[in-house]
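Worksheet for the structure shown next.
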Amino acid sequence: MDKVLSVHDMNVTFALHQSEVRAVSELSFSLARGETLAVVGESGSGKSQAFLAIMGLLARNGHASGRAMLGDVNLIGMAPDALDQYRGRDIAMIFQDPMTSLNPSLKVKTQLAEVLVRHQQMDERKAQTEVIAMLERVGMPEPVKRANAYPHELSGGMRQRVMIAMALLCRPKILIADEPTTALDVTVQAQMLDLFKSLTNDFGTALVMITHDLGVVAGLADRMMVMYGGRAVEKGTTDQLFYDPRHPYTLGLLHSTPHVAKRARRLDPIQGLPPSLEHLPSGCAFHPRCAFRFEKCFVERPPLAEIGGGREKACWVDGPLQRREVA
């Protein structure tokens, strides 16, 4: 498949007053044209920081190293002015809360048209015509009326459609969606997921879906990358990880996800809390919460290694897993 993004050994660190925190460690993955990759993990797993690093949007005390190749261009460490040539045009990002991503003092059409004026050198009138067409394409009701509205006059679902339209105006090669359905009710969530699926098919855009909700992943993603403690701990196709997880953390995520077909009265959560990135446990970072741990897990960090079938995992336990309780 035609790769549009290749990330190799990316690290993200943040300088604190007396120490340094590594938020992402040795992350590598690739993304093909038209493919949907789900990046899954609890809050603090490093999934959002990894893609903010690729977009050049880290906080001032953040630093990224490694390579994120968009074609033959390395986005990591690129100056902001140079990155602006690619952000919006070739790679775009949708953030979790569209209300804080839109300028409350400007009409929707003004904000969206600016993308085309800046990146496509389009005149204002033609840009606004394109804006109306894209709003209609993403399922916005009464697109002309909504284009002339201010963000606060729109519902949460409408604002999210505005953000999707903005991201797609320049037909980017890659669209990164960071928890795009979290603030939406379940009906609008379903509409958004259907919209993402149709847009990747129609435009050939590669989609990265960053989420903690495996229910979002099931019918949308081609592949999954599970992150824990700043590292990728399992990779594979969505079917592989859903039906035959090989990392205990992936198994725990699956068992803690509500399922309409399950009649259990209560969820089966992962015991314990995610680790502090400032003080990661020795050995495997997941071992304090893991029901499969043994002596080696306490002292040696497992590498992310291929296990066949195009799959990778970072775990010392061999073979298929069956649910157990933490001792």
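The values are calculated or read from the model by the stated rules, or taken from the named source; none is laboratory data. Quick caveat, the model's predicted, so the values are computed rather than measured. Heads up, the Cβs are rebuilt from the backbone with ideal geometry, glycines too, and the neighbour counts pull from every protein chain shown.
Which of the residues belonging to the stretch 142-168 are in contact (Cβ under 8 Å) with a residue 40 or more places away in the chain and closer than 21 Å to residue 193 by Cβ?
154, 156, 159, 160, 162, 163, 164, 165, 166, 167, 168
To keep it simple, each residue is scored yes or no on (1) outside the structural domain of residue 212 (by TED's automatic domain parsing); (2) touching a Phe, Trp or Tyr at 6+ places or on another chain (Cβ under 6 Å); (3) among the aliphatic types (A, V, I, L, M); (4) modelled with pLDDT under 95.
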{"site": "231", "(1), (2), (3), (4)": "no, no, no, no"}
{"site": "237", "(1), (2), (3), (4)": "no, no, no, no"}
{"site": "254", "(1), (2), (3), (4)": "no, no, yes, yes"}
{"site": "257", "(1), (2), (3), (4)": "no, no, no, yes"}
{"site": "261", "(1), (2), (3), (4)": "no, no, yes, yes"}
{"site": "264", "(1), (2), (3), (4)": "no, no, yes, yes"}
{"site": "267", "(1), (2), (3), (4)": "no, no, yes, yes"}
{"site": "273", "(1), (2), (3), (4)": "no, no, yes, yes"}
{"site": "277", "(1), (2), (3), (4)": "no, no, yes, yes"}
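Which of the residues spanning the stretch 171-219 are under 28 Å from residue 311 (Cβ atoms), over 13 Å from the mean Cα position of the chain (by Cα), outside any helix (DSSP H, G or I) and of a type in the set (A, V, I, L, M, F, W, C)?
Result: 218, single match.
Considering only residues that are buried (at least 17 other Cβ atoms within 10 Å of the Cβ) and of a type in the set (Gly, Ala, Ser), look in the stretch 110-142 and name the one that is nearest to residue 91 (Cα to Cα).
113
Take the conditions exposed (fewer than 14 other Cβ atoms within 10 Å of the Cβ) and of a type outside the set (Asp, Glu) and apply them to residue 145. Does it pass?
yes
Inside the stretch 183-215, can you point out the residues that are closer than 25 Å to residue 240 by Cα and among the β-branched types (Val, Ile, Thr)?
Result: 200, 205, 208, 210, 211.
So, of the residues in the stretch 129-170 that are under 13 Å from residue 116 (Cβ atoms) and outside any helix (DSSP H, G or I), which turns out to be modelled with the highest pLDDT?
Checked the stretch 129-170; the qualifying residue modelled with the highest pLDDT is 169.
Rundown of residues vs (1) assigned to a loop (DSSP other than H, G, I, E, B); (2) aromatic (Phe, Trp, Tyr); (3) within 17 Å of the chain's Cα centre (by Cα), yes/no style:
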site	(1), (2), (3)
24	no, no, yes
29	no, yes, yes
45	yes, no, yes
65	no, no, no
68	no, no, yes
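Return the pairs, sorted by first residue and then second, in which the second residue is in a loop (DSSP other than H, G, I, E, B) and basic (Lys, Arg), the first residue lies in the stretch 292-319 and is under 21 Å from residue 271 (Cβ atoms), the beta carbons are less than 9 Å apart, and the residues are 6+ apart or on different chains.
That search, which allows pairs on different chains as well, returns 292/324; 313/246; 314/301; 315/246; 316/293; 317/246; 317/293.
Please work out which one of (1) at pLDDT 90 or above; (2) under 27 Å from residue 195 (Cα atoms) is the condition residue 97 fails and give its number.
Checking residue 97 against (1) at pLDDT 90 or above; (2) under 27 Å from residue 195 (Cα atoms), the one that fails is (1).
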